[in-house]
2 protein chains.
Amino acid sequence: MTQSYNSTLLDNAVAQLAKLPGIGHKTALRLALHLLRQEPEVASALGEAIIAMRRDIKYCRVCHNISEDDVCGICSNPRRDPSQVCVVESVKDVLTIESTHEFHGLYHVLGGVISPLDGISPSDLEIESLVARVSEGHIREVILALNPTIEGDTTNFYIFRKLSDTGVTLSILARGISIGNELEYTDELTLGRSILNRVPFSNTISAQ
Amino acid sequence: MTQSYNSTLLDNAVAQLAKLPGIGHKTALRLALHLLRQEPEVASALGEAIIAMRRDIKYCRVCHNISEDDVCGICSNPRRDPSQVCVVESVKDVLTIESTHEFHGLYHVLGGVISPLDGISPSDLEIESLVARVSEGHIREVILALNPTIEGDTTNFYIFRKLSDTGVTLSILARGISIGNELEYTDELTLGRSILNRVPFSNTISAQ
C-alpha cells in the first residue's frame, strides 16, 4: 500500500527508503520525518555519501574486495602471508573473517555463489581469476570459506575440480558445534559432522 | 567506535547512515553493502530523493503542515470543517490523527512543544500564527492534541491563556484506558483520570 502525505517529495523519499532491506513503510516515514527536522546539510551529506559510494567505489584488481586503490590494503600489506588465500562469497565475509583476527593471509572475493535457480553460473563469479592467481605458483593453500549451504557446497566442489591438478592444498572451514552452545540444541547434521571430524584433544589445548 | 573498511567512501556512507535514529553501525553497514550490490541508479534515486525532499519541501502557509503548494491539501479541501482546528506538535501527528478518520476539521502544526530544558520557548513555535488564525473569527473550536507529557501540558496551558479571551471553545483529547487493554495494566494516573472523566454509557453506544 502506498500512502500519500501531501507531498510527492516526502512520498518519494519514503518509497526509496522503504526499498532498503529490513526497512518497512513506517520506519521509512520515521526516517524521512527525522531528516526533515535536521539542517539541510545533514540530508545532503547522507544523500551524497550514498551516491558517491556506489558511483566511485573501487574494487581490488587482485582479490576483488572493496578498495581505496587499484590494489587493496590487505593484498598490499607485506605482513600478510601471500601463500594462503581465503575464498569468500562477498565483501561482508572479508570483514567478518577479519574481525576474528585468526587469518593472516589474503582473500579472494567471488562475488556470489553458483546458483542455477538465481541464474548465477560460474562465469558470473571471479573463479577464473582465482585459477589464474593460483597458477602463478605463489599460493600454497586455498581455504574455502563459503556459507555452508547447498549453493556454497556446489561452488566449493566446482573450485575443487578447477584447482585439483594445480598441486595447491585445498581446505575448508571446520563444521562442528558452536562454542558456548549446548549439544541438545545443535542440529543432527552438524553434531554428526563434529563427531566424524573430531580432533585430538591436545590440539584444543594448544589453540588456547 | 569507527571501523575502517578499506574504503573512505564506504566508511563515510556507513557513518552517515548510522546517524539515522534506530540505525546502528551494523545495520548501516548492511544497508551500505546492499546498496553496493544494486545498480548505480538505485543508490542515486535514494540519495537524490533524500536531498530533494529536505531542500525543496514546502510547508502550508496556514497550518504549517508539509504541502505540495502554498496552502496544503487539507486546508484547501472544501469538505473539511474550517470551524474546528486541531493543534498538534508535528507533521507526524497530523498523519496519525488522519489515520483515525475521526477528525474532519483543519490542523495547526506547532513544530514542537515548550521545553525550557531544550531551549524551546513559545516564540520558537507557531503559536502567534495560531492566535492570528483564531482572531480572524471563523474558528469555533480549538482541539489540543499534544502528547500527554509535562512539556505538552505546559504548552496546552500557554495556548489556553493566549486564547482564553477570544471566546473560542478549547477542548483536549480524552485521557483514559486504551481500548483492548486490561485495567490491571493501566497506570494509576490514567485510570484515575478515566474515572473522573467518565462519560454516559449511552455515548459509547452511539459512537459505535
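For the reader, a short list of remarks on this structure follows.
- Nearest-ten-degree value, helix A:40-56 long axis tilted from longest Cα axis of chain A: 40 degrees
- The portion of the accessible surface of the protein assembly as shown made up by carbon and sulfur, rounded to a whole percent, is 54 (1.4 Å probe; DNA, RNA and ligands excluded).
- Each residue of the range A:147-162 is assigned a 3J(HN,Hα), and the resulting list reads 5, x, 10, 4, 5, x, 5, 4, 5, 3, 5, 4, 5, 4, 5, 5 Hz, derived from the Karplus form 6.51 cos²θ - 1.76 cosθ + 1.60 (θ = phi - 60°), x at Gly and Pro.
- Debye intensity ratio in log₁₀ form over the Cα atoms of chain A, taken at each q of 0.09, 0.13 Å⁻¹: -0.55, -0.94
- When the P(r) of the range A:119-208 is calculated, the portion above 16 Å amounts to 66% of the C-alpha pairs.
- What separates the B:Gly73 label point from its copies, with the point 7 Å along Cα to Cβ, is 4.7 nm, written shortest first.
- Only lysines eight or more places from A:Lys58 in sequence, or on another chain, were considered; those with a Cα closer than 21 Å are A:Lys92.
- The mean sequence separation of alpha-carbon pairs under 8 Å and at least six residues apart, normalised by the residue count of chain A, gives a relative contact order of 12 percent.
- Per DSSP, loop GluC sites (Glu not before Pro) in the range A:158-193 with at most 11 further Cβ within 10 Å: A:Glu182
- Dividing the summed helix terms, -39500 (n - 2.57) for each DSSP H run of n ≥ 4, by the number of residues in chain B produces a 222 nm estimate of -12500 deg cm²/dmol to the nearest 500.
- Total charge dipole magnitude, the protein assembly as shown, about the Cα centre, Cβ charges on Lys, Arg, Asp, Glu only, Debye to nearest 20: 20 debye
- Under-5 Å amide H pairs with B:Lys58, H placed in peptide plane, nonlocal only: B:Ser67
- When only the Cβ of Lys, Arg, Asp and Glu is charged (+1, +1, -1, -1), the dipole of the range A:59-167 relative to its Cα centre reaches about 260 debye.
- Karplus-derived HN-Hα couplings along the range B:109-117 (A = 6.51, B = -1.76, C = 1.60, θ = phi - 60°), whole Hz, x at Gly and Pro: 8, 6, x, x, 10, 5, 8, x, 5
- Rounded to whole Å, the principal axis extents of the Cα atoms in the protein assembly as shown read 93, 48, 42, largest first.
- Built amide H within the under 5 Å cut-off of B:Gly105, gap 5+: B:Asp81
- Förster radius 30 Å - calculated FRET efficiency between A:Asp124 and A:Ser44, Cβ distance, rounded to 0.05: 0.25
- Cβ-defined net charge surrounding B:Phe103, 12 Å radius [Lys, Arg +1; Asp, Glu -1]: -4
- Both radii were evaluated on the Cα set of the range B:62-125; the Rg over Rh quotient, with Rh as the Kirkwood radius, amounts to 1.01.
- Here the label points at A:Thr186 and B:Leu173, each 7 Å from Cα along the C-beta direction, are separated by 5.3 nm in the simple model.
- Computed about the Cα centre, the dipole magnitude for chain A is approximately 120 debye when only Lys and Arg (+1) and Asp and Glu (-1) carry charge, each at its Cβ.
- Taking Lys and Arg as +1 and Asp and Glu as -1, the other residues whose beta-carbon sits under 15 Å from that of B:His34 total +2.
- Projecting 7 Å from Cα along the Cα-to-Cβ direction, the label point of A:Pro148 sits 5.2 nm from its equivalents in the other copies, listed shortest first.
The values are calculated or read from the model by the stated rules, or taken from the named source; none is laboratory data. These figures come from a predicted structure and were not determined experimentally. We place every Cβ from the backbone using ideal geometry, glycine too, and count neighbours over all the protein chains shown. Surface areas here come from the heavy atoms of the whole protein model, side chains and all, with no ligands, DNA or RNA. Shrake-Rupley method; radii C 1.70, N 1.55, O 1.52, S 1.80 Å.
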